[in-house]
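**Student:** Would you mind keeping the following structure in view while I ask a few things?
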Amino acid sequence: MGLRNPARRRPRSGLLALIAALASVMLAVLIAPAAFAAPGDDQEKTDFYFAGSITFEDAPIDGVVIGVDGGGFTAETKTDAEGKWRLYVPEKDTYRLKVDEDTLPEGVIIDAEQLPPGVSPVEGSTGEFDAEFGLTGTKIINLFLGEGERITTSFADQLIGRTIGGINFGLLLGLASMGAALIYGTTRLGNFAHGEMVSWGGVIAVLCTSFWSLPLWVGVVAAVIAGALLGWAMDAGLWGPLRKRGLGVVQLMIVSIGLSLALRYVLQFMIGGGTHQLPGASPDPMHFGPVTLSYIDITGMSISLVAILAMAYFLNRTRIGKATRAISDNPQLAAASGIDVDRVIRIVWIISGTLAAMSGVLWTYFRPGVQWNMGMQMLLLIFCAITLGGLGSAMGALIGSLIVGVAVEVSTLWIPTDLKYASALLALIIVLLVRPQGLFGRRERLG
């Protein structure tokens, strides 16, 4: 009495093991280049680059970290023993160069009066500059140091600002994670194509706005509708027939991996390999004490909250929502009680596609920029969130997403920005070792 069939436990254990293995591999991939690669070795060579040297009193400064950011692209390098540096960028555009002032000698700053033409300092900062190319694809920027006082932000203010940024990221991640959790709860499928469902929303929005010059609101509405249609098509054309054939969970996960690869290259065919921006991708920030937000950040957080509250109402107050929870608890009992399981699962896929598309549009502004493979960057974070919260729990996935979002952003206070996603993956591995059922999951007994 009270013992569950061990066969029903294996798919979940298998998924957890697979997620843990993928997280371990991704953690190694993230850490290894930063730990062992020489500065600049991992840069992809292009026809466009910024280069120069950093000197103080005519002497080169070694080991200064300098980064570039713009158009959804980021890169970082260090000066060599001769004080020289080079950063490749994908295209001619205006970029922001950031000098890590902690790597400069004490008591010196960049001399803004000796900046070359086409380079201007960012207001309120002594180490950030906006730079644009001239007629050629090369921009030489020699930076000279002089004595001065650096503009610094206290640790407490940085912690507050990055915590709010983490909540913003966690909310948009929560939209995608809740959809993935609903799919897993009703079908026991770990959908590895969910990242491409997120990308789909951003791609449709950028097609409508940047390619076809339609208003932004049309692009957003089209993205949400296209997300719902994609969810419906995937279940009607693939997952529904496979369920009727009685395929196991492992086989379905392998199919989802293949589907992920296929969709990813379809998206590349649609928009190419570059980065595309939605209208208003770089708005002027608004300062609220130590917190800096744009109107897009505030709008995105508001939309996320409304969608999350609507999902909570759907799951707890509507008949279909209650049926979804019943199927998640026991699909055989739900079917025996008269619930049309296939119909409810079809609705879950439509909802999941809608939430993923909304997350994709918000993710496009947060990054910023749309790329054909951007959903792949979010996929393991989605798995991390739903595992932290408890597999199959939509509200648990939301809490897990907020934890992941805050951890990712706050971790940059201590670790390089390139490694910020590693903190979430490390947390995932620890949770799987200590509490495999997640923070809000139920412990199951094995026979």
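The values are calculated or read from the model by the stated rules, or taken from the named source; none is laboratory data. Owing to the predicted nature of the structure, the values given are computational and were not obtained by experimental measurement. Every residue, glycine as well, gets a Cβ built from its backbone with ideal geometry; the counts of neighbours run over all protein chains shown. With ligands, DNA and RNA removed, areas are computed over all heavy atoms of the protein, side chains included. Shrake-Rupley method; radii C 1.70, N 1.55, O 1.52, S 1.80 Å.
**Student:** Out of the residues in the stretch 235-282 that are open to solvent by less than 60 Å² (accessible area, probe 1.4 Å), among the hydrophobic types (A, V, I, L, M, F, W, C) and without any contact (Cβ under 8 Å) to a residue 60 or more places away in the chain, state the one that is nearest to ASN373 (Cα to Cα).
**Tutor:** If we take residues in the stretch 235-282 being open to solvent by less than 60 Å² (accessible area, probe 1.4 Å), among the hydrophobic types (A, V, I, L, M, F, W, C) and without any contact (Cβ under 8 Å) to a residue 60 or more places away in the chain, then ALA262 is nearest to ASN373 (Cα to Cα).
**Student:** Name every residue in the stretch 83-120 that is assigned to a loop (DSSP other than H, G, I, E, B) and either on the phi < 0 side of the Ramachandran plot or of a type in the set (S, T, N, Q) (or both), in order of residue number.
**Tutor:** Within the stretch 83-120, PRO90, GLU91, LYS92, ASP93, ASP100, LEU104, PRO105, GLU106, ASP111, LEU115, PRO116, PRO117 qualify.
**Student:** Quick one: what pairs do we get from the stretch 323-337, first residue in contact (Cβ under 8 Å) with a residue 24 or more places away in the chain, second in a helix (DSSP H, G or I) and open to solvent by 20 Å² or more (accessible area, probe 1.4 Å), C-beta under 7 Å, 6+ apart or different chains?
**Tutor:** ILE327/VAL341; PRO331/VAL341
**Student:** A further question follows. For GLY392, all conditions in the list (1) touching a Gly at 6+ places or on another chain (Cβ under 6 Å); (2) part of a helix (DSSP H, G or I) hold save one; what is the number of the exception?
**Tutor:** Against the list (1) touching a Gly at 6+ places or on another chain (Cβ under 6 Å); (2) part of a helix (DSSP H, G or I), GLY392 comes up short only on (2).
**Student:** Where in the stretch 293-356 are the helices (runs of 4 or more DSSP H), entirely inside, with at least 1 residues that are more than 30 Å from THR163 (Cα to Cα), among the hydroxyl-bearing types (Ser, Thr, Tyr) and modelled with pLDDT of 90 or more?
**Tutor:** In the stretch 293-356, 319-329 are the helices (runs of 4 or more DSSP H) which contain 1 or more residues that are more than 30 Å from THR163 (Cα to Cα), among the hydroxyl-bearing types (Ser, Thr, Tyr) and modelled with pLDDT of 90 or more.
**Student:** Looking only at residues in the stretch 75-117 that are of a type in the set (Ser, Thr, Tyr) and buried (at least 17 other Cβ atoms within 10 Å of the Cβ), which one is farthest from ALA131 (Cα to Cα)?
**Tutor:** My answer is THR79.
**Student:** Further, regarding this structure: Here are the criteria: (1) of a type in the set (A, V, I, L, M); (2) crowded, with 19+ Cβ neighbours inside 10 Å; (3) modelled with pLDDT of 65 or more. Tell me which single one ALA59 does not satisfy.
**Tutor:** (2)
**Student:** Given the options GLY174, GLY190, name the one that is assigned to a helix (DSSP H, G or I), small (Gly, Ala, Ser) and open to solvent by less than 10 Å² (accessible area, probe 1.4 Å).
**Tutor:** Among GLY174, GLY190, only GLY174 is assigned to a helix (DSSP H, G or I), small (Gly, Ala, Ser) and open to solvent by less than 10 Å² (accessible area, probe 1.4 Å).
**Student:** Same structure again: When you scan the stretch 110-144, how many residues do you find that are of a type in the set (D, E, K, R) and out of contact with any strand residue (DSSP E or B) (no Cβ under 6 Å at 6 or more places or on another chain)?
**Tutor:** Within the stretch 110-144, residues that are of a type in the set (D, E, K, R) and out of contact with any strand residue (DSSP E or B) (no Cβ under 6 Å at 6 or more places or on another chain) number 2.
**Student:** Here is a further query. Of the conditions (1) at pLDDT below 90; (2) within 20 Å of the chain's Cα centre (by Cα); (3) not charged (D, E, K, R), LEU171 fails just one. Which one is it?
**Tutor:** Exception for LEU171: condition (1).
**Student:** Go through the stretch 118-144 and give me each residue that's open to solvent by 30 Å² or more (accessible area, probe 1.4 Å) and of a type in the set (A, V, I, L, M).
**Tutor:** Of everything in the stretch 118-144, those that are open to solvent by 30 Å² or more (accessible area, probe 1.4 Å) and of a type in the set (A, V, I, L, M) turn out to be LEU135, ILE140.
**Student:** Can you find a residue that is open to solvent by 70 Å² or more (accessible area, probe 1.4 Å) and closer than 17 Å to GLY190 by Cα anywhere in the stretch 302-316?
**Tutor:** no
**Student:** Same structure again: Return the residues of the stretch 408-430 that are within 21 Å of MET178 (Cα to Cα) and crowded, with 21+ Cβ neighbours inside 10 Å; say none if nothing qualifies.
**Tutor:** Once the filter is applied, which keeps residues that are within 21 Å of MET178 (Cα to Cα) and crowded, with 21+ Cβ neighbours inside 10 Å, the stretch 408-430 yields VAL408, GLU409, TYR421, ALA424, LEU425, LEU428.
**Student:** Go through the stretch 386-430 and give me each residue that's in contact (Cβ under 8 Å) with a residue 60 or more places away in the chain and small (Gly, Ala, Ser).
**Tutor:** GLY389, GLY392, SER393, ALA394, GLY396, ALA397, GLY400, SER401, GLY405, ALA407, ALA422
**Student:** Would you tally the residues in the stretch 270-292 being within 21 Å of TRP217 (Cβ to Cβ) and not in a loop (DSSP other than H, G, I, E, B)?
**Tutor:** Number satisfying all stated conditions: 2.
**Student:** Also: So if I check each of TRP217, TRP232, which one is free of Cβ contacts under 8 Å to residues at least 12 places away in the same chain, of a type outside the set (Lys, Arg), within 20 Å of ALA357 (Cα to Cα) and surrounded by fewer than 20 Cβ atoms within 10 Å (Cβ to Cβ)?
**Tutor:** Result of the check over TRP217, TRP232: TRP217.
**Student:** Confirm whether VAL224 is surrounded by 15 or more Cβ atoms within 10 Å (Cβ to Cβ), at pLDDT 90 or above and assigned to a helix (DSSP H, G or I).
**Tutor:** yes
**Student:** Continuing with this model, one more query. Anything in the stretch 327-350 that is open to solvent by less than 30 Å² (accessible area, probe 1.4 Å) and either closer than 23 Å to VAL221 by Cα or small (Gly, Ala, Ser) (or both)? List them, or say none.
**Tutor:** Residues satisfying the conditions are SER328, ALA334, VAL348, TRP349.
**Student:** Moving to a separate point now. Within the stretch 364-393, count every residue that is under 30 Å from VAL218 (Cβ atoms) and open to solvent by less than 10 Å² (accessible area, probe 1.4 Å).
**Tutor:** 8
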